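See below for the structure under consideration.
The values are calculated or read from the model by the stated rules, or taken from the named source; none is laboratory data. None of the values given here were measured: they were computed from a predicted structure. Using ideal geometry, Cβ is built from the backbone for each residue, glycine included, and neighbour counts are taken over all protein chains shown. Side chains included, ligands, DNA and RNA excluded: accessible areas come from the protein's heavy atoms. Shrake-Rupley method; radii C 1.70, N 1.55, O 1.52, S 1.80 Å.
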Amino acid sequence: MELILKKSGSGYLYQSDDLDVVLSGNLPKVLQPLAKGPEAEKEVFGFEEGTRLSALKRDVASRNTPASTEIDVLSPAGVLTYRIDIERVDTVGMIGILSVITDISEARHRERILKTLLRELSHRSKNLLAIIQGIATQTARQALSLDYFLSKFRGRIQSLAYSQDLVTDSSWRGAYLFTLAERQVSAYWPATENPISVRGINAHLSPNATLHVGLALHELIVNSASYGAISAGINSLTIDCFETLLDDQDAIELAWIEHLPPASALRKEAEDHTFALTVLERVVPVAVGGRAMYLTTSDRIEYRLTIPWREYEIITCVEE
């Protein structure tokens, strides 16, 4: 019986109806004082929990109805949780209260972790749905037709999905900037034809920054493919990332530099460029708590996004 109890991780305490201890076995070290008598319950579990447990045992004795409870115990290893199953034993030669005590600390710890993860998932899902709702609303405002809306909306949602895949693959820790840029570019060009050079600091972005920087990159790539350097077949586009300051605190700056061909070779800006500017100048910097600047001249498009220290971690600096 002792071997079975050890393998099951349970101990037992057998008491008379007056709660005097008759037998005990396989009690963990922190609960071994329980074998001294009923007053030890207050010593081990605290006055309130010990009083409650004694009252519960007396109720089981009088009603002959099994009961179960859980009690936390503070130990050097941390908080331990025990389930105590109580029932009255009324057989030949044995009349009293049997308490089977099982350590369920690991199970409760897993449950707490799971609840925390589910709360985090719920929070992130709501944020993601809010982003999608905003994209849908703004895209619809600029749409000239249903087909136009579907084309633009699908592209933006797909961009969001690419970023979200990276976040999910990292167990919600975020993504590296270089990987994020390459993933957004790969939706339009294979790696062998990548028209964009990424250099500087390969910062590891937070999940929030990953999603919003991904959206910014999508708008910049689509705009360039529509009327900028990429559309003209000019391989003169770079993304650079370097350390800077934002309000006297550490930050990184993401710089998109696009050199344009003569103005006569450019296509007219797409009608939905207003939404692209909203994403680049307002939505993204507000979401990451940073700032942004978008400039266009006859021969250059420049976008600079400053990201505060809370939204990234510098893992590796790439030296040129």
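Some points to look at:
- Pairs with C-alpha atoms separated by more than 24 Å, drawn from the list Lys42/Lys115; Lys126/Lys152; Lys57/Lys115, are Lys42/Lys115; Lys57/Lys115.
- Cα pair distances in region 115-170, grouped into 10 Å bins until the bin that holds the longest one, percent each: 22, 43, 25, 9, 1
- With the helix formula -39500 (n - 2.57) applied to DSSP H stretches of n ≥ 4, the chain reaches a computed 222 nm mean residue ellipticity of -13500 deg cm²/dmol.
- Of the three principal axes defined by the Cα atoms of region 56-107, the extents in descending order read 41, 20, 17 Å.
- Note on Glu111: accessible area approximately 80 square angstrom, rounded to 10, probe 1.4 Å, nucleic acids and ligands left out.
- If you run the Gaussian network model on the chain, springs between alpha carbon atoms under 10 Å, then out of Asp240, Asp299, Asp17 the most flexible one is Asp17.
- Computed Rg/Rh of region 1-90, alpha carbon atoms with Kirkwood Rh: 0.94
- Principal-axis tilt of helix 47-63 within the chain, Cα atoms, nearest 10 degrees: 60
- R0 of 45 Å, Cβ-Cβ distance Ala40-Arg173: FRET efficiency to nearest 0.05: 0.45
- Cβ-Cβ FRET estimate between Trp189 and Glu120, R0 fixed at 25 Å, reported to 0.05: 0.10
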